[in-house]
Amino acid sequence: TKHDPGMTQQRLCLLLLLGWVAVAASDAGLQVMDVHANTNKFGIGLYGPHVQSAPYNETVPVAHRLVGDGGFALVWWPGVTPNTTSPGAAVVEAVETAYSLGVTPVVRMDVWPGMKNIRDFSDDHPDSHFNYTTLAQAFGRAVGGLPLPPSGAPRPLTVIVANEPNIEWRCTDGADHWLAATEAAAEVACFLRDTLAALRELPAYSAKRLAVVPAPLAMVNPPHIQCCFQNTKGCYPVTGANNTMIGTKFLEAMLKAVPTLFDDVDAMASHPYPCARLVDGEGCHGWGAPPTADNQGLTVYRPELATIAAAGGPPVGTLPVVIGETGWHVHEPPGAGLNRTQQAAFTREAFESLWLPDTNVTAVVPFLLGSPMYVSLAWARDGGTGAPFPVYETIRDLRCSAGFGPC
C-alpha cells in the first residue's frame, strides 16, 4: 500500500461468542468459546425502520417464535457519526426486548447513511484515509450505551462493525479519479482496526459481556471504485456485471495493510449467499443455485477463514463464524424462477447439510424477517409481522426437531 498504517498492536485473542467454557491451561484463567458446543444456531435479521420493516417491539416476538430461546436476532443501527454520543432509542429498545424474551441480540453498528461517509470521516482526510480515531471513539460511545446481557447470561452482546465495505465504500475525490479496490481495502482495514480497538477499551469488553466482530464482506465487488463529488449510490458501478473481484481478494488486501486485524476479535462475520461458483475476474456464476455440497457461495466463510489463517491470523477452526446474511430470492409475482416452496426447501437443506453440522459456524442469521423493500427475501409479510411464508414455518420446525424450544 502507499501508506504504512503502523500495525503494532497484538493482544490475546478472546473468542467470546457462544458456549462459554473455562480453559484451565490459560495462565490468566480466561474463558473462550467452545466452537463444538451444542448450542442454538438459529437466527433471523430484523433491521427495523431503516428498511421499512415493522418496529422492533413487534418483530422481536415474531423472531422469538422462529428462533426459540437463545436464538439470534440481528438488529441494525446505521446512525453513527463523529458526533454520536449514544445509540438510538430504537436499537436500545430492540436489545432490551430481545433480552426480555430470551433472544440473543446481534447489533450491526454502521455509519449514517450506510458506509457512504466513512472515508470522509477519517482524521487525515483529505490527504489520506488511514486514521479513524475520532469516528472510532464515536462507535465506542454508541456501543457503550447499549444494554448488556443480564447477569449470568451465557453469551455476550455481539456487535458487528459496519457492513460489506467492499461494495459500500464511497470515494468523493472527484469525478476524474478511480480508486482501486485494493487501495480501498487498506482504508477499510484501518477503519476497522481503529474502531475495534476503541470497542475493546469499553468496560463491557474487559468484563466479557461484549463481543466485537469486523464487518462481513460481500462475496463479489467491483475491482475499482469510481470517485465523484457526492456520496450517492451512483458514485461507482454496483451492478452485478461489474462485481468481478471476489471478496477474498479484497480480504487479502485488507490483511496486507493490517495483518493483525483478526488477531483480537471474537468472531468473523460472513454473508454466504447461494452461488454455484466464485471466479476472480468473473464474479459469481449461478446466483441462487441449490444448496449442494459444492455450492461455493454457501460456504464462502471457509476460504475467508483460510485467507485469514494464511496471513498469520487465527488458525482455521479457532475463529467462530457468524453468518449475518444469507437466503434465496423468490420471484414476485410467482412465475419463472424460484418459488416460496423451493425457497423453504433450499433453506432447510442448507441448514441441515451445511451450516448446522459445521463446527466453525455458531450463528445463522438469514436476511430477513420482512420488509417491503426486500419482499423476495422475506420470511413473513407486512414488514415481518404478517402471515409467514413457508420458509418461516419450515425452519421453525427444523429448530424444534433439533431440540431447541419452545415449540
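The values are calculated or read from the model by the stated rules, or taken from the named source; none is laboratory data. All values derive from a computational prediction rather than experimental measurement. For neighbour counting, all protein chains shown are included, and Cβ atoms are generated from backbone atoms with ideal geometry for every residue, glycine included. Calculation scope for accessible area: heavy atoms of the full protein, side chains included, ligands and nucleic acids excluded. Shrake-Rupley method; radii C 1.70, N 1.55, O 1.52, S 1.80 Å.
Computed values, structure above
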{"item": "Exposure of Tyr205 as accessible area (Å², to 10), given a probe of 1.4 Å and all protein chains", "result": "20 Å²"}
{"item": "Segment 163-213-segment 281-305 distance, computed between alpha-carbon centres (Å)", "result": "25 Å"}
{"item": "Ser270, Ser401, reordered so the largest accessible area comes first (probe 1.4 Å)", "result": "Ser401, Ser270"}
{"item": "Sulfur and carbon atoms: percent of accessible area, segment 171-225 [1.4 Å]", "result": "55 percent"}
{"item": "Added length on full extension, which subtracts the Cα-Cα distance from 0.36 nm per residue, Trp112 to Ala310", "result": "67.9 nm"}
{"item": "Protection proxy ranking of 152-163, 383-394 - average other beta-carbon atoms within 10 Å, highest first", "result": "152-163, 383-394"}
{"item": "Probe 1.4 Å, all protein chains present, accessible-area order of Glu325, Glu282, largest first", "result": "Glu282, Glu325"}
{"item": "Heavy atoms of Ile167: accessible area, 1.4 Å probe, square angstrom to 10", "result": "40 Å²"}
{"item": "Heavy atoms of Leu338: accessible area, 1.4 Å probe, square angstrom to 10", "result": "30 Å²"}
{"item": "C-alpha center-to-center spacing [segment 311-364, segment 63-97] in angstrom", "result": "22 Å"}
